[in-house]
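The values are calculated or read from the model by the stated rules, or taken from the named source; none is laboratory data. Please read all numbers here as calculations on a predicted model, not as lab measurements. For neighbour counting, all protein chains shown are included, and Cβ atoms are generated from backbone atoms with ideal geometry for every residue, glycine included.
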């Protein structure tokens, strides 16, 4: 069997994970675009998906998202320009900056969270709540194992 055929008939974890991520992102970003967030892109999720409502340091966003600090900094600059976040002095360390969501950013975060809740509910309905919970629990364990290995 050719490699391509095998990858189609029995895709590995990387391919399956990638396909799932792309599918989820596509639905979220298409829906958000119709809700007034048409300039928001999947790459911006590396910031807003991990951003605390009261703000987060860029180093924390990099750690949570698995992205380099330089990538996060570039994305934050883009999100500032788009009106989703702003930089503010960190009240705990005036030398540091917090990335804080604006009203537009908070709206995107709230809508995105609601979309993921809805997608998870639909997936659980499709495969059964117990099966879905087992899948999600196992997937969490696998991610934790990989994170510990790194």
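Just a few scattered comments:
- Among (1) in contact (Cβ under 8 Å) with a residue 40 or more places away in the chain; (2) crowded, with 16+ Cβ neighbours inside 10 Å - the single one residue 53 does not satisfy: (2)
- For the range 29-47, filtering for residues that are surrounded by 15 or more Cβ atoms within 10 Å (Cβ to Cβ), at pLDDT below 95 and not in a loop (DSSP other than H, G, I, E, B) leaves 4.
- In the range 57-102, the residues that are assigned to a strand (DSSP E or B), in contact with a helix residue (DSSP H, G or I) (Cβ under 9 Å, 6 or more places away or on another chain) and modelled with pLDDT under 95: 96, 97
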